[in-house]
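Trainee: Provided herewith is a single structure, encoded as structure tokens, for subsequent inquiry.
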Amino acid sequence: VQLQASGGGLVQTGGSLRLSCTSSGSIDSINEMGWYRQAPGKQRELVATITTGGVTKYGDSVKGRFTISSDNAFTTVYLRMTSLKPEDTAVYYCKVVVVTNANYWGQGTLVTVSS
């Protein structure tokens, strides 16, 4: 599985961005897609995940502000980010989990929120 993420950039506090991550390759085997982020000097943390059944999960710090979704084919995952804060600044990585429970990571896209 190959992943291509896009949509990062510079935004002011309170602004919005939408990230996209498109998968290719053995896409029939994908069970779950999600987003994680890593800020400088911090560990990578969960942002949001979505399963093929549409079940979503969010990290506590983004609940109510971020929304994860996917296309009908479950090949592209989106992350709509609103009410952005400086502490949301990080490299955002998409990840897929396949039926064998193997994880595949995208290359990351930088989101910078200015105060």
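Trainee: Suppose the filter is open to solvent by 50 Å² or more (accessible area, probe 1.4 Å), at pLDDT 95 or above and of a type outside the set (Asp, Glu); does Leu79 pass it? Don't jump to the end; show me each part of the working.
Mentor: Details: open to solvent by 50 Å² or more (accessible area, probe 1.4 Å): no; at pLDDT 95 or above: yes; of a type outside the set (Asp, Glu): yes.
Answer is no for this residue.
Trainee: Restricted to the stretch 3-38, and to residues that are among the hydrophobic types (A, V, I, L, M, F, W, C), assigned to a strand (DSSP E or B) and more than 19 Å from Thr67 (Cβ to Cβ), which residue is most open to solvent (accessible area, probe 1.4 Å)?
Mentor: Residue satisfying both the conditions and the ranking: Leu10.
Trainee: Confirm whether Thr112 is at pLDDT 95 or above, over 14 Å from the mean Cα position of the chain (by Cα), assigned to a strand (DSSP E or B) and within 16 Å of Gly7 (Cβ to Cβ).
Mentor: Spelling it out, Thr112 is indeed at pLDDT 95 or above, over 14 Å from the mean Cα position of the chain (by Cα), assigned to a strand (DSSP E or B) and within 16 Å of Gly7 (Cβ to Cβ).
Trainee: Of the residues that make up the stretch 83-95, is at least one in a helix (DSSP H, G or I), touching a helix residue (DSSP H, G or I) at 6+ places or on another chain (Cβ under 9 Å) and buried (at least 19 other Cβ atoms within 10 Å of the Cβ)? Can you show your working first?
Mentor: Of the residues in the stretch 83-95, the ones in a helix (DSSP H, G or I) are 86-88.
Among the residues that remain, those that are also touching a helix residue (DSSP H, G or I) at 6+ places or on another chain (Cβ under 9 Å) are: 87-88.
So of that shortlist, the ones also buried (at least 19 other Cβ atoms within 10 Å of the Cβ) come out as 88.
Yes.
Trainee: Criterion first (small (Gly, Ala, Ser), on the phi < 0 side of the Ramachandran plot and either more than 10 Å from the chain's Cα centre (by Cα) or assigned to a strand (DSSP E or B) (or both)) does Ser69 satisfy it?
Mentor: Considered against the rule, which asks whether it is small (Gly, Ala, Ser), on the phi < 0 side of the Ramachandran plot and either more than 10 Å from the chain's Cα centre (by Cα) or assigned to a strand (DSSP E or B) (or both), Ser69 comes out as yes.
Trainee: Here's another thing I want to ask about it. Is it the case that the stretch 48-63 has a residue that's of a type in the set (Asp, Glu), in a strand (DSSP E or B), at pLDDT 95 or above and out of contact with any helix residue (DSSP H, G or I) (no Cβ under 8 Å at 6 or more places or on another chain)?
Mentor: Among the residues of the stretch 48-63, not one is of a type in the set (Asp, Glu), in a strand (DSSP E or B), at pLDDT 95 or above and out of contact with any helix residue (DSSP H, G or I) (no Cβ under 8 Å at 6 or more places or on another chain), which makes the answer no.
The values are calculated or read from the model by the stated rules, or taken from the named source; none is laboratory data. None of these values were measured; they are calculated from a predicted model. Please note: Cβ atoms are built from the backbone with ideal geometry, for glycine as well, and neighbour counts cover all protein chains shown. Heavy atoms of the whole protein, side chains included, go into the accessibility calculation; ligands, DNA and RNA do not. Shrake-Rupley method; radii C 1.70, N 1.55, O 1.52, S 1.80 Å.
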